[in-house]
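As structure tokens, the structure follows; a few thoughts come after it.
The values are calculated or read from the model by the stated rules, or taken from the named source; none is laboratory data. Quantities reported herein were computed from a predicted structural model and do not represent experimental measurements. As a convention, Cβ positions derive from the backbone with ideal geometry for all residues, glycine included, and neighbour counts pool all protein chains shown. We work out accessible area using only protein heavy atoms, side chains counted, and drop any ligands, DNA or RNA first. Shrake-Rupley method; radii C 1.70, N 1.55, O 1.52, S 1.80 Å.
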Amino acid sequence: MRQLTRTTRTRRPGTVTAALVAAAAMSASLMAGCTSDDRPSDDGRGSRTHSRSQEPDQPESPTPKSKDAGPVLAVKIDNVPAARPQTGLEAADIVYAEQVEGGLSRLMAVYATRLPTAIGPVRSARESDLELLRQFDEPTLAFSGAQRKLLPLIDRAQLNAESPEAAASGAYFRGRDRAAPHNLFLRPQRLIAAAPGADALTTGFRYGAAPEGGTPEKSRTVRFPSARFTFTWSADRHGWLVSMDGAPTVTTDDDRIAAATVVVQYVKVRESRFHDVLGNNSPYTESVGSGRAQVLRDGRAYDVKWRRGTATDGTDFTTADGTPVNFAKGQVWVVFAKA
């Protein structure tokens with residue numbers, strides 16, 4: 001399945017450790033909602049305080065596709081109603097939807113073929129993100145912070161961790177039109193020089209003609225305990241219009257998100273060793289293993305099997321007889337549903 005030979009990982013050492021030292025020098029406005037999950041407002045259920053910044057510098061122009069420029073950029077994106085509409089989501093090659101505390105959802109957007117001018121709102125990382133990201137070669141992870149006991153694990157992970165404390169000056173900024181902590185945004189060009197190109201997407205995903213069979217599908221809804229995703233086929237867009245919690249998913253640029261392929265992947269979701277400040281356990285989504293999935297493309301649904309042998313592998317999707325399943329070219333949404 002691999003199209004790219006893995007290279008030896010040479011992680012930049014001490015990224016998160018250095019970030020902890022630098023954190024003491026950060027201003028109060030940047031610290032709000034971005035250094036720890038140990039606060040009621042992190043999942044959108046607690047109290048909110050308005051924290052506005054000055055208008056940010058004019059961001060750079062979008063970066064065109066550039067082959068072999070480096071690793072992918074993965075960004076943790078807030079997904080509670082107060083965080084919407086999101087920015088830069090339309091440019092992602094892959095969007096992963098995962099369950100977090102209280103049955104809510106959070107997104108991880110992966111960028112390889114192009115970079116938007118801004119991405120966000122950026123939020124905190126979870127333990128299962130580290131396993132999911134090991135399929136990429138030395139990815140850059142942009143996140144607002146993490147539960148403090150998780151930070152050492154992030155520091156040892158095979159990735160470049162770029163929190164607001166560690167990132168280059170001006171990489172993160174606070175928006176003026178919404179409350180903290182739902183107003184932290186990223187200028188991706190300040191973290192990576194250029195979009196690395198499709199070869200950096202070492203997910204194992206295959207693109208090409210649709211498999212045989214399948215059943216016509218107009219709409220598919222996936223429910224978390226406190227969130228839901230609906231994908232509705234649009235022949236005009238030749239894609240699946242995304243809605244979240246009953247509302248159309250539209251970016252701040254008024255782009256309606258339409259995925260070329262949707263994968264509903266049934267996985268084990270178990271308790272992790274971490275909790276939020278309210279005592280809610282942080283779910284751990286196991287992306288290594290095997291199970292069933294459903295692939296939506298071209299207005300049809302296909303029942304398939306998935307397998308990911310180790311964390312450094314991508315995920316294989318096959319039909320019942322073992323035939324690899326191709327995705328439609330374009331943005332892929334992967335929703336991790338509880339098996």
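Please verify whether A311 is in a loop (DSSP other than H, G, I, E, B), aliphatic (A, V, I, L, M) and more than 21 Å from P216 (Cα to Cα), treating the condition exactly as stated. For A311, the condition - in a loop (DSSP other than H, G, I, E, B), aliphatic (A, V, I, L, M) and more than 21 Å from P216 (Cα to Cα) - is met. Only residues that are open to solvent by less than 10 Å² (accessible area, probe 1.4 Å), modelled with pLDDT under 95 and of a type outside the set (A, V, I, L, M, F, W, C): list them for segment 129-147, please. Passing the criteria: only G145. The residues listed here are R307, R300, R292; of these, the one that is in contact with a Gly (Cβ under 6 Å, 6 or more places away or on another chain), over 20 Å from M108 (Cα atoms) and at pLDDT 95 or above is R300. Which of the residues that make up segment 318-327 are open to solvent by 10 Å² or more (accessible area, probe 1.4 Å) and either within 30 Å of G88 (Cβ to Cβ) or within 20 Å of the chain's Cα centre (by Cα) (or both)? Result: N326, single match.
Looking across E101, E131, one residue alone is closer than 25 Å to A179 by Cβ and of a type in the set (D, E). It is E101. Can you tell me which residue within segment 217-239, out of those that are under 13 Å from V264 (Cα atoms) and either touching a helix residue (DSSP H, G or I) at 6+ places or on another chain (Cβ under 8 Å) or hydrophobic (A, V, I, L, M, F, W, C) (or both), is surrounded by the most Cβ atoms within 10 Å (Cβ to Cβ)? Per the criteria, the residue is F231.
Being within 18 Å of T203 (Cα to Cα), of a type outside the set (S, T, Y) and surrounded by fewer than 17 Cβ atoms within 10 Å (Cβ to Cβ) holds for only one residue in A247, A260, A311, and it is A311. In segment 290-304, the residue that is farthest from E217 (Cα to Cα) out of those that are buried (at least 16 other Cβ atoms within 10 Å of the Cβ) and not hydrophobic (A, V, I, L, M, F, W, C) is Q294.
Residue selection: D177 fails the criterion of being outside any loop (DSSP other than H, G, I, E, B) and open to solvent by 20 Å² or more (accessible area, probe 1.4 Å).
Checked against (1) in contact (Cβ under 8 Å) with a residue 40 or more places away in the chain; (2) within 23 Å of N183 (Cα to Cα); (3) assigned to a loop (DSSP other than H, G, I, E, B); (4) of a type in the set (A, V, I, L, M, F, W, C), A167 meets all criteria but (1).
For A157, the stated conditions do not hold, so it cannot be described as surrounded by 22 or more Cβ atoms within 10 Å (Cβ to Cβ) and of a type outside the set (S, T, N, Q).
Within 15 Å of the chain's Cα centre (by Cα), open to solvent by less than 20 Å² (accessible area, probe 1.4 Å), closer than 25 Å to A247 by Cβ and without any contact (Cβ under 8 Å) to a residue 60 or more places away in the chain: does that describe R106? For R106, the condition - within 15 Å of the chain's Cα centre (by Cα), open to solvent by less than 20 Å² (accessible area, probe 1.4 Å), closer than 25 Å to A247 by Cβ and without any contact (Cβ under 8 Å) to a residue 60 or more places away in the chain - is met.
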